[in-house]
1. Could you tell me the calculated FRET efficiency between residue 351 and residue 395, based on Cβ-Cβ distance and R0 = 22 angstrom, to the nearest 0.05?
2. Please list, by residue number, every one of the trypsin sites (Lys or Arg not before Pro) in the range 299-402 that is coil in DSSP and has at most 16 other beta-carbon atoms within 10 Å.
3. Fully extended, how many nm does the chain gain between residue 48 and residue 229 (0.36 nm per residue separation, minus their Cα-Cα distance)?
4. How much of the calculated P(r) for the range 115-155 lies past 16 Å, in percent of all Cα pairs?
5. If you project the alpha carbons of the range 360-402 onto their three principal axes, what span does each projection cover, largest first, in Å?
6. Would you mind pulling out the separation of the Cα centroids of the range 367-402 and the range 137-174, in Å?
7. So what are the ³J(HN,Hα) numbers for the range 28-36, from phi and the Karplus equation (6.51, -1.76, 1.60; θ = phi - 60°), rounded to whole Hz, Gly and Pro as x?
8. Quick one: grab the alpha carbon gyration tensor of the range 89-130, order the square roots of its eigenvalues as a ≥ b ≥ c, and give me rounded if a/c is under 1.5, else prolate or oblate depending on whether a/b is larger than b/c.
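Rule-based calculations on the coordinates, nothing more; no lab input. These numbers come from a predicted model, not from an experiment. Quick reminder, even Gly has a Cβ in these numbers, built from the backbone with ideal geometry, and neighbours come from all protein chains shown.
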Amino acid sequence: MINTLSTKMLITLAFSVAFAACSQAPQLSFEESFRQALETAQPGDVITVPEGNFAFDRSLILNTDGVTIRGQGMEKSILSFKGQIAGAEGLSVSASDFTIEDLAIEDTVGDALKVNEGNNIVIRRIRTEWTNGPDVNNGAYGIYPVQTTNVLIEGNVAIAASDAGVYVGQSKQVIVRNNRAEFNVAGIEIENTIGADVYQNTANNNTGGILVFNMPSIPQRGYATRVYDNEVNNNNTANFAAPGTAVSGVPAGSGIMVNSNDQVEIFNNRVAGNNTANILISSYFSANYSGQRKLAEEFDPYPEEILIYDNTFSGGGTAPGFDYLVQLRDAVYGPSGAFPDIIWDGIIDPNKPEEKHVICVDNGDAQLLSIDAGNEFKDAGVDMQRHKCTVAKLAPIELVGI
C-alpha cells in the first residue's frame, strides 16, 4: 500500500513539474509570430497587427496570394526598422489580391513597402516615414508597387523618402487618391505606367510635388495619366536624392512635373508657391541625369499630348532650383521677377508634325514659357497662341473587383 501510494505521488509530482515547465516555456514575441505568419500564410488569411511599436532587424517577406495585413491605425501599429541589418526593404510582397491597411512602416534601410508583380493591390492608410527627416541615406521609396495591375493607393502618408514617397512604376490601371506626401524628393511619382488617376492628394514641401515620368531602358512606355483635384504647394525642399538617380534632376520648387510622358491631363488642381514653377514639362534631354544621354531607339523622350486646364495657380517661380534656371529667369524677367506658372523646355521631336507634340493650355491668364533648351535658350518666350489647342480627354480609371 505504501509503495503504491508513493508511486502515485511520484507520477503526480512528475506531471506537475512537466506542466509547470511547459507553462513557463517562452512564448513567441509578436515580431517572431508576425514573421512566421507571413512565411506560412495561406490564401484568405487576415494577419492582424495589434497596437504597439514593433522592432525588426531584417526584411519581412510575403509571397502568398489573397492575404490581408491589417493594423489598428497608422499611428498605433508601427513596424520599426530603425535597427535593420539585413534586407533591401521593410516589407516585400510578391503576390496578387493583396491588401494592407492601417499601420506604419518606419526607418527602413531601403524601400518601406514594395509590392512586385501583383494584381488587385490595395494599399490603404499606411504611413511610411524616415523619422530623421530628409536625408540622402534614407530609403528610396515609401510606397512602391511596381509591375502591378489594378492598384488602389488611398489614404496613405509618405514622409522623407530619398526618391519618391508614393511611387507607381511599370503598372497598369492605377488610382492614387487622398494621400499626403511631404518632405520627399518626389511626393508622388507615376513612372512608365499606363492608365493612372491621381486625385485629391496633398503634395506639399517635397522637392517635386507630383511627377509623371517615362524613363529609358524599361520595357513599358507609360501614357494616359490624369492629375486632378490635388493640393500641390511649396514643394521647395532641397533635392536630397542620390546623385545620378532620375529624381536628382528635379529642381527644388517643382509643383507638377511631366517628363517624357504622353497623354497627360492636368486639371482642377490648386498649385501654389513652388519656387521653380507650378508646372514643368520637359523632355528627357533637358533633365539633369548626370550625362545619361544614350537612349534606346524605341524610347520616346518627348512629352506629347499634354492638356492643362482649370487649375488654380498662385505664387511660385521666384527662386528656381538650378543655377541655369536662375540665370534664365534673370535674363527674361529680371532678378526680382518670376517665371510664369508653366515652364516647358521647348524640345520637340523634329520627325513629327506640330499636332503630334502639342501642349494645350486653357487655364485663364496662366502663361507657358518655352525656354528653348534645345537651342541654348536663344528664343525663350511666351506664345500662348501656339498652345490654344485641344486633345481628347482621358476616360476615368475603373478598377475591376476592388
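1. So, using R0 = 22 Å, E works out to roughly 0.15.
2. Counting only loop positions with at most 16 other Cβ atoms within 10 Å, the trypsin sites (Lys or Arg not before Pro) in the range 299-402 are 378, 388, 393.
3. This chain segment gains 61.8 nm when fully extended.
4. In whole percent, the share of Cα-Cα pairs in the range 115-155 beyond 16 Å is 45.
5. 53, 24, 15
6. Spelled out, the Cα-based centre of one part sits 25 Å from the other.
7. Along the range 28-36, the couplings run 5, 5, 4, 4, 5, 5, 5, 4, 5 Hz.
8. oblate
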